[in-house]
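Data first, discussion second: the structure below is written as structure tokens.
The values are calculated or read from the model by the stated rules, or taken from the named source; none is laboratory data. Only a predicted model underlies this, so the values are computations on that prediction, with no experimental measurement involved. Virtual Cβ from ideal backbone geometry, glycine too; neighbours counted across all protein chains shown.
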Amino acid sequence: MKKVLFSLLACSILLAGCLGGEDKFAREVVKEQEAVKLAKEVVRGGYELITVAELKDLQDKNTDMVIVDTMPYDASYVKGHVPGAKQFLFPIKLMTSWDTNETADKTQAEYAALLGPDKDKLIVVYCGFVKCGRSDNGAYWATKMGYTNVKRLPGGIYAWRGASYPVAEGADG
């Protein structure tokens, strides 16, 4: 009898864990909030979205592009980034002017130099994950500076890793 009760208890714990253990309706509210926030950022920013699978396909085809990792250099970029990405830190909160940039040591001219002179070149900007605003700032400023083919990878490095794509480590892009 104890074995049966233990088995039932173990199965119910396992089932609760598989189902997430939380209200599916409450989870949907959170997903909706994140989706609407992302949609509003895209409309305001004037850029497009790209998935990790689409970016990987472009890399596999050797598409000429600039990939920008907007995460902190030591705390994130060096530990793992999309192969070929160049690091340029942006703040998490909405950056409406360059003067309020939390990374005062980085200038708009430096960002333009990183992106290059070809305003039609593909620019892909990412940060850590969907809720992170760094990639929104990077994509927004690229479009504001006149770049016409800007895409944001909303899932960022977390989605890249989640898809089991290769990750570069260290200082080299």
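Here S135 meets the list (1) in contact (Cβ under 8 Å) with a residue 60 or more places away in the chain; (2) surrounded by fewer than 24 Cβ atoms within 10 Å (Cβ to Cβ) almost entirely, failing just condition (2).
When the stretch 66-89 is filtered for residues that are hydrophobic (A, V, I, L, M, F, W, C) and either part of a loop (DSSP other than H, G, I, E, B) or in contact with a Lys or Arg (Cβ under 9 Å, 6 or more places away or on another chain) (or both), the ones remaining, listed by number, are V66, I67, V68, M71, A75, V82, A85, F88, L89. For the stretch 123-156, the set of residues classified as part of a loop (DSSP other than H, G, I, E, B), among the aliphatic types (A, V, I, L, M) and at pLDDT 95 or above consists of M145 only. In this structure, does R152 turn out to be basic (K, R), touching a strand residue (DSSP E or B) at 6+ places or on another chain (Cβ under 8 Å), surrounded by 15 or more Cβ atoms within 10 Å (Cβ to Cβ) and under 18 Å from G45 (Cβ atoms)? Against the criterion (basic (K, R), touching a strand residue (DSSP E or B) at 6+ places or on another chain (Cβ under 8 Å), surrounded by 15 or more Cβ atoms within 10 Å (Cβ to Cβ) and under 18 Å from G45 (Cβ atoms)), R152 qualifies.
Within the stretch 81-97, can you find the residues that are at pLDDT 95 or above and surrounded by fewer than 17 Cβ atoms within 10 Å (Cβ to Cβ)? Listed by number, the residues that qualify are P83, G84, K86. D118 - would you say it is without any contact (Cβ under 8 Å) to a residue 40 or more places away in the chain and under 19 Å from T63 (Cα atoms)? Considered against the rule, which asks whether it is without any contact (Cβ under 8 Å) to a residue 40 or more places away in the chain and under 19 Å from T63 (Cα atoms), D118 comes out as yes. Does V167 fit the bill of being touching a helix residue (DSSP H, G or I) at 6+ places or on another chain (Cβ under 8 Å), among the aliphatic types (A, V, I, L, M) and either buried (at least 17 other Cβ atoms within 10 Å of the Cβ) or within 25 Å of K31 (Cβ to Cβ) (or both)? Answer is no for this residue. Screening the candidates A109, A113, A75 for the property of being surrounded by fewer than 18 Cβ atoms within 10 Å (Cβ to Cβ), within 20 Å of E169 (Cβ to Cβ) and without any contact (Cβ under 8 Å) to a residue 12 or more places away in the chain yields one hit, A75. Within the stretch 82-94, residues that are more than 18 Å from Y158 (Cβ to Cβ) have Cβ atoms under 8 Å from residues that are of a type in the set (F, W, Y) in these pairs: F88/Y111, counting only partners at least 6 apart in sequence or on another chain. When Y47, Y126 are screened for being more than 15 Å from Y158 (Cα to Cα) and aromatic (F, W, Y), only Y47 passes.
Within 30 Å of K131 (Cα to Cα) and at pLDDT below 90: does that describe G46? The answer is no for G46.
Please determine whether any residue of the stretch 57-65 is within 19 Å of I157 (Cα to Cα), touching an Asp or Glu at 6+ places or on another chain (Cβ under 8 Å) and assigned to a helix (DSSP H, G or I). No: zero hits.
Against the numbered list (1) within 23 Å of A35 (Cβ to Cβ); (2) over 14 Å from the mean Cα position of the chain (by Cα), A139 comes up short only at (2).
Scan the stretch 104-120 and tell me whether some residue there is under 17 Å from A139 (Cα atoms), hydroxyl-bearing (S, T, Y) and in contact with a Pro (Cβ under 9 Å, 6 or more places away or on another chain). For the stretch 104-120, residues under 17 Å from A139 (Cα atoms), hydroxyl-bearing (S, T, Y) and in contact with a Pro (Cβ under 9 Å, 6 or more places away or on another chain): absent.
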